[in-house]
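Heads up, the thing below is written out as structure tokens.
None of the figures in this text is laboratory data; all of them are computed from the coordinates on show. Only a predicted model underlies this, so the values are computations on that prediction, with no experimental measurement involved. Cβ atoms come from the backbone with ideal geometry, glycine included; neighbour counts cover every protein chain shown.
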Amino acid sequence: MNDEPPVQSSSAELKPPPDFTTFMRAYQDMVYSTAVRLLGNESQAEDISQEVFIKAYERFEDLRSSPSAGGWLKTVATNLSINHLQRYRKRWRFFSELVRDDGGDGDEGAPVEFASPDSDFLAGLARSERREWVDRALEKLPEHHRVPLVLYHFEEMPYEEIARKLKISLAKVKTDILRARASLAQILARSGTAHETPDQALS
């Protein structure tokens, strides 16, 4: 898998840019969040983030003035995270391929309610606090559920691209996302979150 989207290089030799630190600080939270949601591991996400910014440093002359620099960094973080999982996820692949096609396209978008005794809980949380609850819940999902869910909801990838990146069938992607939404609902309900649909919690 090519983990670097094309960026045109204007010179063969890049001098150390004086404002790279400012550039990195502007994007480091986004890069780290992308990696940690996919990997479910803070230490691995830090390693991936460091690798992303090493690549950015090498291409900084083009990225520093590019309006698509953020998108480039997000794409590299996503691809490096997926590459990492594909190198070390033999167990994930085994269980993922055991899941059978459960009958097509009719229910992948079905809402899953978040049961909770306190319906006002999440309404009282700020958006940032709500996202922290979801991020912590995502870490508890198995990789074969977390990864397609994150790619679909946070990276806004279509089902077809997720299937291609993860090298699994389209039916498998839809099934895993549906089951991930249901599992996430149960985790959040046990944590005391409010009565919401997955789309509301993931927004």
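Here are the numbers for this structure:
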| quantity | calculated |
| --- | --- |
| Under-5 Å amide H pairs with residue 157, H placed in peptide plane, nonlocal only | 152 |
| Too-long pairs where the Cα-Cα distance tops 23 Å, listed order kept, from 55/167; 74/172; 55/165; 55/174; 140/172 | 55/167; 74/172; 55/174 |
| Label-to-label distance, nm, for residues given as residue 50 and residue 66 (7 Å Cα→Cβ offset) | 2.4 nm |
| Peptides ranked, highest mean first, by Cβ atoms within 10 Å: ranges 60-73, 165-178, 42-55, 138-151 | 138-151, 165-178, 42-55, 60-73 |
| Cα point-scatterer Debye curve for region 20-88, base-10 log of I(q)/I(0) at q = 0.17, 0.20, 0.25 Å⁻¹ | -0.53, -0.72, -1.06 |
| 3J(HN,Hα) from dihedral phi, region 74-81, Karplus parametrisation 6.51/-1.76/1.60, rounded to Hz, x for glycine, proline | 5, 5, 5, 4, 5, 5, 5, 5 |
| Backbone HN-Hα couplings from phi across region 64-69 [Karplus 6.51/-1.76/1.60, Hz, Gly and Pro as x] | 4, 10, 8, x, 9, 4 |
